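Structure, as structure tokens:
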Amino acid sequence: MKNRAACALLVWATAVFHAETAQAQGADTAAPLAGLQRAGEGTLRVWGLEIYRARLWVSPGFAPADYAALPLALELSYARSFSAAAIAERSIAEMRRAGPFSAAQATRWQQALQAALRDVQPGDRITGLYQPGRGATFRMRGRTVGTVADPEFARLFFGIWLAPQTSEPGLRAELLGTEAPP
């Protein structure tokens with residue numbers, strides 16, 4: 001009787017695991033906005049430690065040289081815990097590579113981004129939606145958690161990953177589905 005119960009528990013646990021895995025994989029492949037297609041994915045590592053896995057979805061006709069011309073979505077699946085304040089601060093520092101902006105803009109954008117985001121734990125996913133001329137919307141767990149309605153902010157924010165001047169050219173190449181620069 002004990003063997004049957006243990007066997008039944010094992011079968012049930014295996015079925016639950018496979019169902020959850022299939023559900024998670026389905027969520028991983030679904031486009032965050034209608035009409036977008038998956039371009040690529042990659043992992044950001046710092047000193048060998050995984051920080052997050054990134055996935056990019058783009059509109060038909062997307063051109064890397066003009067990444068801000070069409071709607072797109074970028075999902076970050078975190079492997080580590082970070083506060084919204086730390087994410088916002090680092091984002092502003094990285095945005096400077098994509099283009100210049102004033103100290104006043106930096107302060108305003110950092111506050112807006114911190115308000116738009118949530119603290120993250122390992123396994124949390126934030127999806128940023130870029131709409132040209134409108135700004136950026138951020139989603140977590142299937143719902144909108146914040147918006148920064150500034151087109152220039154949004155262009156520079158997504159430039160963290162997509163601008164040729166990114167600090168992570170290898171990750172950019174993986175997201176775009178191209179070869180990394182030498």
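Restricting to segment 43-64, count the residues that are out of contact with any Gly (no Cβ under 7 Å at 6 or more places or on another chain) and touching a residue at least 24 places away in the same chain (Cβ under 8 Å). Can you show your working first?
Going through segment 43-64, the residues out of contact with any Gly (no Cβ under 7 Å at 6 or more places or on another chain) turn out to be 43-53, 55, 57-58, 60-64.
Still in the list and also touching a residue at least 24 places away in the same chain (Cβ under 8 Å): 43-44, 49-53, 55, 57, 60, 64.
Matching residues across segment 43-64 total 11.
Restricting segment 119-153 to residues that are out of contact with any Leu (no Cβ under 8 Å at 6 or more places or on another chain) and in a strand (DSSP E or B), which is farthest from Leu72 (Cα to Cα)?
Step by step, filter segment 119-153, then rank; the result is Val120.
Determine if segment 113-123 includes at least one residue that is within 21 Å of Pro164 (Cα to Cα) and not charged (D, E, K, R).
First, the residues of segment 113-123 that are within 21 Å of Pro164 (Cα to Cα): none.
No, the conditions are met nowhere in segment 113-123.
Restricting attention to segment 103-145, which residues are among the basic types (Lys, Arg) and either at negative phi or modelled with pLDDT of 95 or more (or both)? Spell out the reasoning first.
Here is the first cut: in segment 103-145, the residues among the basic types (Lys, Arg) are 108, 118, 125, 134, 139, 141, 143.
Residues satisfying the conditions are Arg108, Arg118, Arg125, Arg134, Arg139, Arg143.
Would you confirm, using the coordinates I've provided, whether Trp109 is without any contact (Cβ under 8 Å) to a residue 60 or more places away in the chain, buried (at least 19 other Cβ atoms within 10 Å of the Cβ) and not in a helix (DSSP H, G or I)?
Values: without any contact (Cβ under 8 Å) to a residue 60 or more places away in the chain: yes; buried (at least 19 other Cβ atoms within 10 Å of the Cβ): yes; not in a helix (DSSP H, G or I): no.
For Trp109, the condition - without any contact (Cβ under 8 Å) to a residue 60 or more places away in the chain, buried (at least 19 other Cβ atoms within 10 Å of the Cβ) and not in a helix (DSSP H, G or I) - is not met.
The values are calculated or read from the model by the stated rules, or taken from the named source; none is laboratory data. Since we're looking at a predicted model, the values are computed, not measured. Please note: Cβ atoms are built from the backbone with ideal geometry, for glycine as well, and neighbour counts cover all protein chains shown.
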